[in-house]
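A short write-up of the structure that comes next.
The values are calculated or read from the model by the stated rules, or taken from the named source; none is laboratory data. Computed from a predicted structure; not experimentally measured. Cβ atoms come from the backbone with ideal geometry, glycine included; neighbour counts cover every protein chain shown.
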Amino acid sequence: MDREAPAADGEETAGLRKIVHVDMDAFYASVEQRDDPELRGKPLAVGGSSERGVVAAASYEARTFGVRSAMASAKAVRLCPQLIFRRPRFEVYRQVSRQIRAIFLDYTPLVEPLSLDEAYLDVSADLRGIGSATRIAELIRARIKAETGLTASAGVSYNKFLAKLASDQNKPDGLCVIRPGEGAQFVATLPVRRFHGVGPRGAEKMASLGIETGADLREKDLAFLRMHFGTQADYLYRAVRGIDLRRVSPDRPRKSIGSERTFERDISSGPALRETLDNIIEIAWHDIEKHQAHGRTLTLKLRLSDFSARSRSRSQPQPIKDRTAFSALARALLDEVLPLPLPVRLMGLTLSSLDEDKSETPPGDDPQLSLL
């Protein structure tokens, strides 16, 4: 998180840039529907169909039934009995992602990938001299459709926070532009759960404090936010005012990647914990593949019913690039802590000491330009 002091009201357009956030629409599922015409228009889930399986991605047809990524496959089938499953093909997704990345680099060297299917672009000084971030977003979306057969949504604004919000506004196959001076007003209308970094539990906590929308959040002063949200307070204070001074960083390092789950009911038996771990392994490995991350250290995190924590870590001499090795190591870490004195309410896996593929494009200057 950016540790700079919060900006004051009236500084919404400080650090003005031309930022485009491109987010592919239901990427994995859309690739599968593209490659198999029989799947088009049908509810599709990419992931494991077994009792322990997890949905990695869902087509928009499946989403109308409530099927979502990271959902247990068994629950997804209950919601949508006609759901079709396909195993993920990560090498295909990576190849398509490289095609899309090449399109981005035709317009700017300042591309910050967040995963295989989304990225920030700083087009303040675009390579083709187009000058309009909105026009560039339109051209990129058209080229993606023509060259890959897939659709993408894009958000255009003067900072990263707003551009990411905008890209989700008119999905799928949509474009949203938030112009200078419009950021705070746009954010005020949104539910806080739309804020990047505010998960379901964070939204529940905010609701308990009477915070449902951006407008509610803006009414809280910085002291209140720091009291209740700690290190996230400064980010929330700026974001709700449409302020984000972060630059697009092509070589942005990722420190770790993983997944954790809080259970509806505490789990106490070893077999149940092992079964739950298998689910988390599948979710975490999907994320690792999606971000093309390779790490040497795996950490198992457990939070017990009394909120005390247990963790185990193990480092390997070489990056873990194989799911079988990842799974075996995770299970070994769980075996080390069993039996536990109390039931478990949360379990997570984190891969760190990452060695990721990084863009070698040097960052450029960020001129203070009028936008769009």
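What number of residues within the range 334-356 satisfy the criterion of being touching a Ser or Thr at 6+ places or on another chain (Cβ under 9 Å) and under 15 Å from GLU260 (Cα atoms)? So the count comes out to 9. Listed conditions (1) touching a Ser or Thr at 6+ places or on another chain (Cβ under 7 Å); (2) under 27 Å from ILE257 (Cβ atoms); (3) surrounded by 23 or more Cβ atoms within 10 Å (Cβ to Cβ) are all met by VAL156, apart from (2).
Comparison of GLY230, GLY202, GLY149, GLY174 shows that the only residue that is closer than 27 Å to LEU116 by Cα and modelled with pLDDT under 95 is GLY202. Note on the range 260-306: among residues that are out of contact with any Leu (no Cβ under 6 Å at 6 or more places or on another chain) and of a type in the set (S, T, N, Q), the one that is modelled with the lowest pLDDT is GLN292. Taken over the range 142-153, residues that are without any contact (Cβ under 8 Å) to a residue 40 or more places away in the chain and either over 16 Å from LYS171 (Cα atoms) or surrounded by 18 or more Cβ atoms within 10 Å (Cβ to Cβ) (or both) amount to 1.
Exactly one residue among SER132, SER49, SER59, SER69 is touching a helix residue (DSSP H, G or I) at 6+ places or on another chain (Cβ under 6 Å), polar (S, T, N, Q) and surrounded by fewer than 22 Cβ atoms within 10 Å (Cβ to Cβ), and that residue is SER49. The set of residues from the range 142-162 being in contact with a helix residue (DSSP H, G or I) (Cβ under 7 Å, 6 or more places away or on another chain), within 19 Å of ARG246 (Cβ to Cβ) and either aromatic (Phe, Trp, Tyr) or part of a helix (DSSP H, G or I) (or both) comprises PHE161, LEU162. Among the residues of the range 198-248, the one identified as crowded, with 22+ Cβ neighbours inside 10 Å, part of a helix (DSSP H, G or I), in contact with a Phe, Trp or Tyr (Cβ under 7 Å, 6 or more places away or on another chain) and not small (Gly, Ala, Ser) is LEU236.
For the range 132-154, a residue qualifies if it is small (Gly, Ala, Ser) and on the phi < 0 side of the Ramachandran plot, and the qualifying residues are SER132, ALA133, ALA137, ALA142, ALA146, ALA152, SER153, ALA154. Within the option set LEU139, LEU165, LEU114, being crowded, with 21+ Cβ neighbours inside 10 Å and either in contact with a strand residue (DSSP E or B) (Cβ under 9 Å, 6 or more places away or on another chain) or in a helix (DSSP H, G or I) (or both) holds for one residue only, LEU165.
Of all residues in the range 208-229, those being closer than 26 Å to THR350 by Cβ and under 22 Å from the mean Cα position of the chain (by Cα) number 1.
Quick check on ARG194: is it more than 30 Å from ARG40 (Cβ to Cβ) and among the charged types (D, E, K, R)? It is false that ARG194 is more than 30 Å from ARG40 (Cβ to Cβ) and among the charged types (D, E, K, R). The residues in the range 285-344 that are touching a Lys or Arg at 6+ places or on another chain (Cβ under 8 Å), outside any strand (DSSP E or B) and of a type in the set (D, E, K, R) can be counted, and the count is 2. Selection of first residues in the range 191-202 that are more than 22 Å from ASN170 (Cβ to Cβ) and of second residues that are aliphatic (A, V, I, L, M), restricted to Cβ pairs under 9 Å at least 6 apart or on distinct chains, gives the following pairs, ordered by first then second residue: GLY202/VAL192.
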